[in-house]
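Report on the structure given below.
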Amino acid sequence: MSLRIKAVVDKFVEELKEALDADIQDRIMKEREMQSYIEEREREVAEREAAWKAELSRREAEIARQEARLKMEKENLEKEKSVLMGTASNQDNQDGALEITNRLHFLSISDCEFKAKYSSIHESAFSETWRMACGSAGVVTFLIPKGTYLVGPVKFSGPCKNVSSLTVKMKGYLKASTDLSKYGSGAGWVEFRWMEGLTLTGGGTFDGRGAEAWPFNNCLDDHNCNLLPTNLKFVAMNNTVVRRITSLNSKFFHLALVQCKGFRVLEAWEDIKMKEISSATNMTFKNFAMNNVSNPIIIDQSYCPFRSCSFKAPSLVKLSDIYFKNIKGTSSSKVAVALECSKGFPCQNVNLENVHLLLSSEDETKDQSEILYLSYRVISNFGCLCEEPREATKIAVASHLSSPEMESASELVPFPLLLTPIESNYRACTIPYRFPSDNPRKPTPIELSWIDVFYNSIPSFKERAASDPTVPDAEAKAEKFAQRYAQILDDMKKDPESHGGPPDCILLCRLREQVLRELGFRDIFKRVKDEENAKAISLFAEVIRLNDAIEDDNKRLENLVKGIFAGNIFDLGSAQLAEVFSRDGMSFLASCQNLVPRPWVIDDLDTFKLRWSKKSWKKVIMFVDNSGADIILGILPFARELLRRGTQVVLAANDLPSINDVTYHELIEILSQLKDDRGELVGVNTANLLIANSGNDLPVIDLTQVSQELSYLSTDADLVILEGMGRGIETNLYARFKCDSLKIGMVKHLEVAQFLGGRLYDCVFKYNEVSS
């Protein structure tokens, strides 16, 4: 008997030993995995510190080089104060212009202004003076004074690498050569190429002298024709302004744009035609007076002047953010506005505002069988504020112009600025809920903790859903939502794989939205979003005034950053904050004063300040978060400051509603209320402010799935900002990009604070700079 008992005891001890050994090995493996994870984070911190030190050394060396260069330039400027002058005689030729027998070429450099004065001039004199202007540095003005000049084809080409601002003051009267052999097919008479920030102004006139060339224009009948020259052609120009310039008697088009971005025409001439072959986005046509013009406003993406074009295939160019403002006068054709967009890439965000065009003749309209005619009421939905035009005048819009109410059905694509290969460099979710060694059918403690976080949010979501006036039987359906989502979470506690798992923050959010939408709830936070937007809009001007009053750039930047944190607290996806909001509401200004003190749990603000003080980014993509104070009092003041510095800003907002996050269409409406009659945000021009549909429908985001529109707009950006806990902390905190990146948000879940080693309502400001 004792031997049997001993055997049983020995077997029990052996099994216990094996179980203990297995448990110890399991713990050792998990500790190793955790240690590996900690070491990875420590390596990242060390790499960031080393990169910062290297960048600091590089910048110090760059400053020293710049100081040496400035000293050398100062010495050269002293030497170049001598003036080279010649003599000139004026002799009228048979064309009524001035024939060149000699020239007076006066070039002086004073306060970074170039003045080119000629009594008679040809294209080589223009080109030589332009070469010197483009090779200068700083703020440059190229002056063509009053006088009449005969000029053949001339090209003003960049890039002007050291020029920060370039203004061409055209005060003269330029006459084009009538010798067509000098021009290439489709070329421009006067061309501007490959420049940033050009302003063409001065009140001068470009006379194309087209009367002698018009008989040779047979392009309406022959698609293989040789194109006549355009008066003014702009190629690959960014952020260009054309103001108070007159174009007369063009041989072909008055104005041609090829691969231009941020192009504005103000107080200009004649008709506005966009017959696009290359890309077009963010273009403004403003303050035009039409006098008996045929088809004054045209977008025609079926137009094709080249032999190589396919007339059957749709245009592959997407037109977006096109603005026609303050356009008045008379149309000689019954179709005053014709918008024909690509079937493959429909136009987006085409705005017509304050357009008054009256019919001036009774000529029969040409065949418009492929154009869909819409009433003025429908056009008004796109921004046209036409008041009682004559009955015979029509506005035509092609059926491929996308409606703001349409949901995007296009395929989602990876964000183009993610570091490649994406498979090995990108993981959307920041917090690992489990490790590879964990049992796939058994929930981990972290998974259980996060399932409870979402479980605790059910009462506030149920309350919002029950009060949704757009859903019949809202209370009963809200109860169904609470039961179904709770059942899903209970299932995942038993089996993490039961609903497409294992669970992470993206899956848990998607399941919640899926249940709501299946029951007919599309936007249960709409009422509170509208209320908070109205409150924030009323405070916007005062918040801007307080920011603008701060003269020190670094202090103003820090105040703007604190404004983002203060606004970001308006997050009803957090059960605790939702309860506080329902009970006490939230004060933006009070939140600014009550932020946790620095240093924050991740605090790269000083590094960011250093980069901010040196040079502006050219283009920023900002993934935005919540409605109300977050977008209006936090993000928009920050975006406005970037605009003031010359940066183009793209705000990427959700496609569909999710908790109280702002959507693409809501953001467009918010901006329309904040802009003044000139389209400015408290004195700052918004031509460089774009709104993009991110393609997302959750409060978190997987950057391998964004809209094609956003992908297209992002390729040339040099800074990516992910704002909010969902987009910048719970997801994408460790995402790596090809360009600089900033993740900014407030920590509103205790579980996130514990993971980061910080405090509840702590702040994250994570900046990574990529060396160029």
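The values are calculated or read from the model by the stated rules, or taken from the named source; none is laboratory data. Since this is a predicted model, take the numbers as computed values, not measurements. All Cβ positions, even for glycine, are placed from backbone atoms using ideal geometry, and neighbour counts span all protein chains on display.
From the list Lys71, Lys30, Lys53, Lys79, the one residue that fits, being modelled with pLDDT under 65 and among the charged types (D, E, K, R), is Lys79.
A Cβ distance below 7 Å, combined with a sequence gap of six or more or placement on separate chains, defines the contacts here; from segment 741-758, residues that are in contact (Cβ under 8 Å) with a residue 24 or more places away in the chain and under 22 Å from Val720 (Cα atoms) reach residues that are polar (S, T, N, Q) and in a helix (DSSP H, G or I) in the pairs Gly745/Asn568; Met746/Asn568.
Within the option set Leu150, Leu174, Leu180, being aliphatic (A, V, I, L, M) and modelled with pLDDT of 85 or more holds for one residue only, Leu174. Just one of the listed residues (Ile537, Ile544) is under 13 Å from Phe638 (Cα atoms) and in a helix (DSSP H, G or I), and it is Ile544.
Yes/no per residue for (1) at positive phi; (2) acidic (Asp, Glu); (3) in contact (Cβ under 8 Å) with a residue 24 or more places away in the chain; (4) not assigned by TED's automatic domain parsing to the domain that holds Ile659:
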position: Pro445; (1), (2), (3), (4): no, no, no, yes
position: Glu475; (1), (2), (3), (4): no, yes, no, yes
position: His499; (1), (2), (3), (4): no, no, no, yes
position: Cys505; (1), (2), (3), (4): no, no, yes, yes
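The set of residues in segment 753-767 that are within 24 Å of Met34 (Cβ to Cβ) and crowded, with 20+ Cβ neighbours inside 10 Å comprises Asp762, Val764, Lys766.
Just to be sure, is Ser694 within 16 Å of the chain's Cα centre (by Cα), under 19 Å from Asp625 (Cβ atoms) and of a type outside the set (A, V, I, L, M)? It is true that Ser694 is within 16 Å of the chain's Cα centre (by Cα), under 19 Å from Asp625 (Cβ atoms) and of a type outside the set (A, V, I, L, M). Filtering Phe126, Phe156 for residues that are buried (at least 18 other Cβ atoms within 10 Å of the Cβ), at pLDDT below 85 and either within 30 Å of Gln66 (Cα to Cα) or out of contact with any Gly (no Cβ under 9 Å at 6 or more places or on another chain) (or both) leaves a single hit, Phe126. Scan segment 454-470 for residues that are crowded, with 19+ Cβ neighbours inside 10 Å and under 35 Å from the mean Cα position of the chain (by Cα) and jot them down. Answer for segment 454-470, where residues must be crowded, with 19+ Cβ neighbours inside 10 Å and under 35 Å from the mean Cα position of the chain (by Cα): Phe454, Ser457, Ser460, Phe461, Arg464, Ala465, Asp468. If you go through segment 540-569 and pick out every residue that is hydrophobic (A, V, I, L, M, F, W, C), surrounded by fewer than 18 Cβ atoms within 10 Å (Cβ to Cβ) and either modelled with pLDDT under 90 or within 30 Å of Leu750 (Cα to Cα) (or both), you end up with 0. Applying the criterion of being loosely packed, with under 15 Cβ neighbours inside 10 Å and in a loop (DSSP other than H, G, I, E, B) to the residues of segment 129-151, the residue that is farthest from the chain's Cα centre (by Cα) is Lys146.
Just one of (1) over 24 Å from the mean Cα position of the chain (by Cα); (2) modelled with pLDDT under 90; (3) under 17 Å from Arg640 (Cβ atoms) fails for Leu572. It is (3).
Criterion applied to Val596, Val528 was being aliphatic (A, V, I, L, M), in contact with a Cys (Cβ under 7 Å, 6 or more places away or on another chain) and modelled with pLDDT under 95, and the one residue passing it is Val596.
Per this entry, Ile272 is not counted among residues that are of a type in the set (A, V, I, L, M, F, W, C), modelled with pLDDT under 75 and within 26 Å of Ser181 (Cβ to Cβ).
Within segment 432-441, the set of residues being surrounded by fewer than 18 Cβ atoms within 10 Å (Cβ to Cβ) and under 17 Å from Asn732 (Cβ atoms) comprises just one member, Pro432.
Taking the criterion of being in contact with a Gly (Cβ under 7 Å, 6 or more places away or on another chain) and under 17 Å from Pro416 (Cβ atoms), the only residue of segment 716-740 that qualifies is Leu722. Does Leu507 satisfy being modelled with pLDDT of 90 or more and touching a Gly at 6+ places or on another chain (Cβ under 8 Å)? When the stated conditions are applied, Leu507 passes them. Taken over segment 418-434, the criterion of being part of a loop (DSSP other than H, G, I, E, B) and β-branched (Val, Ile, Thr) is satisfied by Thr420, Thr430, Ile431.
Scanning segment 499-517 for residues that are over 30 Å from the mean Cα position of the chain (by Cα) and outside any helix (DSSP H, G or I) returns His499, Gly500, Gly501, Pro502, Pro503. Is there a residue in segment 728-747 that is surrounded by fewer than 18 Cβ atoms within 10 Å (Cβ to Cβ), hydroxyl-bearing (Ser, Thr, Tyr) and farther than 17 Å from Ala566 by Cα? Among the residues of segment 728-747, at least one is surrounded by fewer than 18 Cβ atoms within 10 Å (Cβ to Cβ), hydroxyl-bearing (Ser, Thr, Tyr) and farther than 17 Å from Ala566 by Cα, which makes the answer yes. Report whether or not Gln483 is closer than 26 Å to Ile431 by Cβ and surrounded by fewer than 17 Cβ atoms within 10 Å (Cβ to Cβ). Criteria not met by Gln483.
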